[in-house]
Amino acid sequence: MSTTAVPVGRPDQAGNGTTRRWPAAIWTLMVGTFLVRGLGFTYPFLPYHLNDLHLSTRTVSTILAVFGAGWLLGSILCGWLADRIGHRATLITAMLLATAALPLLAQAQAVPALFAASFTAGIVYDASRPVFTAAIADTFPEDGVRASVNAWRHFAVNVGAAVAGTAGGILAGPIGIPALIWINAAACALFALLVWRFLPAADHQPHPHGGEARSGNYRAAMGDRGLWILLLASLCALTCAASLFSSMPMLMAEDGLAAADYGWTQTANAGAVLLLSPLLNRWLSRQADGPKPMTGLFAASSIVLGASMGAAGFASTTLGYSATAALAVPGEIVVFVAASDLLNRLSPPHARGMYAGIWGTTLAGAVIIAPALAGWAITHGGGQLAAITTFTVGLLGAALSWPLAAFVRRTQPEPTHD
């Protein structure tokens, strides 16, 4: 799915103004992430693939939710493995598994086989995200540099997803969606080769007493009510954002629109990203540097996402769906920047990596909830009910920002007076 964040500086410039060259390992992960997202046709076109198999709306939504369940497990599992066997071994294993699992998904026709293949494909589909996050934390000790590299990472993911939607829409008709999934598998194989060639074998050094520290930090994080509220608010907002890849293609299929038409919605989304990112970059950077937490902007982004993706329930043409995809972009950009700001303010300095890993599960959770919610709404009330439920979820995310603001303020240091 689209995970937009705005770069806060040049790739070789830290957030604090100091110049920092990226090592080859970071460039490899950046290029590989863009590669598997730019050719990541599987998830955005899976609803159309399942629809071509003449499955019911309920079955399609359930298979998509199973894919999301695999995504959630993969996020946790790959992060855990990155700490224990290293970034290189984890990524090579995951990408080789993806190379084997995606073709099975492309060729499967029986529902049990589709469930198994979707779950396995979900585990490895976003495997690079937790590994890349851990690599950034291990490579750059300064928070400003980490923020800059993370922003460029999210930007690469977003542009890659837009490329996949556009190219997939163009190619789906001539070569078919199963062939697109095979191309996705080939991209994963190439990523594994890049990692094998350019990532050093000793890419991770365990932290002294790391197991005990992680265990203590984990227990403390699970008792942090502010973090829980942020997780719930993020889950609501990201569920709306995930509708771009779940409810929208399902609604378009109900209206008789083809995968090529869905590709145009991704083109509109990509165009809006490229247009709005430079305009919002400087302003959002100033907001993040300010003393006030970005709870208000988070609430606004959740409402924008709920309203824009909810409006898809009333669309019936490619132009209408493309307009809703473009209107969602400001919310996409702001929600990730605001969530990162709030997470940094809530996180203890010694547990920022763990807090970030826990927050990352909200994206996988949204991938589970969005198709299940869309399938239920379309089955019981059509596009109008899908619109109402999506907008309601966006409003709930905004409402949770109010108690979240109180928890964030409690974590801020008291002002000093000379």
- request: Taking the Cβ of PHE407 as the centre, find all other residues whose Cβ is under 13 Å away and add up their charges (Lys, Arg: +1; Asp, Glu: -1).
  value: +3
J(HN,Hα) series, region 224-234, from Karplus relation 6.51 cos²θ - 1.76 cosθ + 1.60, nearest Hz, glycine and proline x: 8, 5, x, 5, 4, 5, 4, 4, 5, 5, 5
query: When the Karplus curve 6.51 cos²θ - 1.76 cosθ + 1.60 is applied with θ = phi - 60°, which whole-Hz ³J(HN,Hα) does each residue of region 177-188 get, with x for Gly and Pro?
result: 5, x, 5, 4, 5, 4, 4, 4, 5, 5, 5, 5
- prompt: Among MET222, MET309, MET252, what is the fewest-to-most ranking by other Cβ atoms within 10 Å?
  reply: MET222, MET252, MET309
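Values quoted throughout were computed directly from the atomic coordinates according to the rules given, and no laboratory measurement underlies them. For clarity, every value in this text was computed on a predicted model and none was experimentally measured. Cβ coordinates were reconstructed from backbone atoms using ideal geometry, including for glycine residues, and neighbour counts include every protein chain displayed.
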